[in-house]
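Here the structure comes first, spelled out in structure tokens, and everything after it is commentary.
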Amino acid sequence: MIGGWFDQHLWGTFNPPIVLEDPECSAVKHFPKQFTKYGEIDQPKSWSRDKLHVLLSLDPNRLDYKPRVHRQDHGFPLAWSKMYGTATFSIRR
């Protein structure tokens, strides 16, 4: 399942600083605590951490906020899980 809408691509392609938020989750436990992966990152739109369980996110302390950042909370999730009925699904944007 895919979830989330994007506002715009902020940084183009670069090596974003990624943080592993839940090392116990089987979907992401093989990742290191911090790493980079070359790609293009979307700015999430209408997103709220209280409705999802974030697995991977951008490190907010290592980002350049000059290019059109609209999110005041500087929350940039990359992968999350969410309950649908009685099942949990891992979601990656």
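The values are calculated or read from the model by the stated rules, or taken from the named source; none is laboratory data. Remember, it's a predicted structure, so these values are computed and weren't measured experimentally. Virtual Cβ from ideal backbone geometry, glycine too; neighbours counted across all protein chains shown.
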* To do: Would you point out the residue of segment 13-30, among those that are of a type in the set (Asp, Glu) and in contact (Cβ under 8 Å) with a residue 24 or more places away in the chain, that is nearest to GLY75 (Cα to Cα)?
  => GLU21
* Number of positions in segment 1-36 that are surrounded by 11 or more Cβ atoms within 10 Å (Cβ to Cβ), β-branched (Val, Ile, Thr) and either in contact with a Lys or Arg (Cβ under 8 Å, 6 or more places away or on another chain) or at pLDDT below 90 (or both) -> 2
* Asked: Out of segment 44-60, which residues are on the phi < 0 side of the Ramachandran plot, in contact (Cβ under 8 Å) with a residue 24 or more places away in the chain and not charged (D, E, K, R)?
  -> PRO44, TRP47, LEU52, HIS53, VAL54, LEU55, LEU56, SER57, LEU58
* Asked: Under 9 Å by Cβ, and 6 or more places apart or on different chains, what pairs join a residue from segment 31-43 that is in contact (Cβ under 8 Å) with a residue 60 or more places away in the chain with one that is not in a strand (DSSP E or B)?
  -> none
* Structure fact -> Flagged in segment 40-51 as surrounded by 12 or more Cβ atoms within 10 Å (Cβ to Cβ) and over 11 Å from the mean Cα position of the chain (by Cα), in numbering order, are LYS45
* Does segment 41-77 hold any residues that are modelled with pLDDT of 85 or more and out of contact with any Asp or Glu (no Cβ under 9 Å at 6 or more places or on another chain), and which are they? -> LEU58, ASP59, ASN61, ARG62
